[in-house]
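The block underneath contains the structure these notes are about, expressed in structure tokens.
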Amino acid sequence: KERILTLLEEAQGFFRQALQKNPVAQDYLKARGYDKKQQDQFGLGYAPDSFHELTQHLKEKGYSEKEMLEAGVASQREVGDHHSYDRFRDRITFPIHDAQNRLVAFGGRTLKQSAESAKYLNSPETNYYHKGQTLYCFHLAKQAIREKDQATVVEGYFDALTAQMKVGLARALKKFN
């Protein structure tokens, strides 16, 4: 289990570096209201428009195709096919953490909307990520939920991040006043 979680952290580092190298992805996030500080705070990244850049990087780090498939960062056309490829391509990546703050999955939003590709793509269900049991940003919000004894649930990744930014701003203003 720890090896898969470490693989996911390695993929996160790869996505973060790729974002720093891609001005189009950076501009997209800035246009959505996420400056460099917020990109770093939320661990936003970018999956390059490549079928093998991430999988090659992970192979060089000693991970197998089986581990990449198990982690949900690679896909294959058919079960048993020995040719895996990057699951996320040309997408802003959102790291998904469990309640214990362990990185367990990714969400990705395409930069180019087209009829052929879904706007959002998520990691598949894995041994570590259960969609019905994992709320995006819960690890960041759980303290405030306990304090207020209430929660607001929103639909999208950007909605959750915007809400988290506003909660953080409200806390900062409360401490300032």
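Looking across the range 86-125 at every residue that is in contact with a helix residue (DSSP H, G or I) (Cβ under 8 Å, 6 or more places away or on another chain) and among the aliphatic types (A, V, I, L, M), the one that is nearest to Gln38 (Cα to Cα) is identified as Ile92. Among the numbered conditions (1) open to solvent by 40 Å² or more (accessible area, probe 1.4 Å); (2) touching a Ser or Thr at 6+ places or on another chain (Cβ under 9 Å); (3) of a type outside the set (S, T, N, Q); (4) without any contact (Cβ under 8 Å) to a residue 40 or more places away in the chain, the only one that Arg89 does not meet is (4). Examine the range 77-92 for a residue that is assigned to a strand (DSSP E or B), under 19 Å from Gln41 (Cβ atoms), of a type outside the set (Ser, Thr, Tyr) and at pLDDT 95 or above, and state whether such a residue exists. Looking through the range 77-92, at least one residue is assigned to a strand (DSSP E or B), under 19 Å from Gln41 (Cβ atoms), of a type outside the set (Ser, Thr, Tyr) and at pLDDT 95 or above.
Could you check the range 116-159 and list, in sequence order, the residues that are part of a helix (DSSP H, G or I), more than 21 Å from Gly72 (Cβ to Cβ) and either in contact with a Pro (Cβ under 6 Å, 6 or more places away or on another chain) or open to solvent by 40 Å² or more (accessible area, probe 1.4 Å) (or both)?
Step one: list which residues in the range 116-159 are part of a helix (DSSP H, G or I), which gives 131-133, 138-148, 157-159.
Okay, now just the ones that are also more than 21 Å from Gly72 (Cβ to Cβ), so 140-148, 158-159.
Once the filter is applied, which keeps residues that are part of a helix (DSSP H, G or I), more than 21 Å from Gly72 (Cβ to Cβ) and either in contact with a Pro (Cβ under 6 Å, 6 or more places away or on another chain) or open to solvent by 40 Å² or more (accessible area, probe 1.4 Å) (or both), the range 116-159 yields Leu140, Lys142, Gln143, Ile145, Arg146, Glu147, Lys148, Asp159.
Does Gln113 fit the bill of being within 26 Å of Gln20 (Cβ to Cβ), part of a loop (DSSP other than H, G, I, E, B) and not aromatic (Phe, Trp, Tyr)? Judged against the criteria, Gln113 is a match.
With the condition kept exactly as written, say whether any residue in the range 49-66 is of a type outside the set (D, E, K, R), open to solvent by less than 70 Å² (accessible area, probe 1.4 Å), touching a His at 6+ places or on another chain (Cβ under 7 Å) and more than 26 Å from Thr162 (Cα to Cα).
Checking the range 49-66: not a single residue is of a type outside the set (D, E, K, R), open to solvent by less than 70 Å² (accessible area, probe 1.4 Å), touching a His at 6+ places or on another chain (Cβ under 7 Å) and more than 26 Å from Thr162 (Cα to Cα).
The values are calculated or read from the model by the stated rules, or taken from the named source; none is laboratory data. These numbers were taken from a predicted model, which means no experiment stands behind them. Here the Cβ is made from the backbone with ideal geometry for all residues, glycine too, and neighbour counts use every protein chain on show. Surface areas here come from the heavy atoms of the whole protein model, side chains and all, with no ligands, DNA or RNA. Shrake-Rupley method; radii C 1.70, N 1.55, O 1.52, S 1.80 Å.
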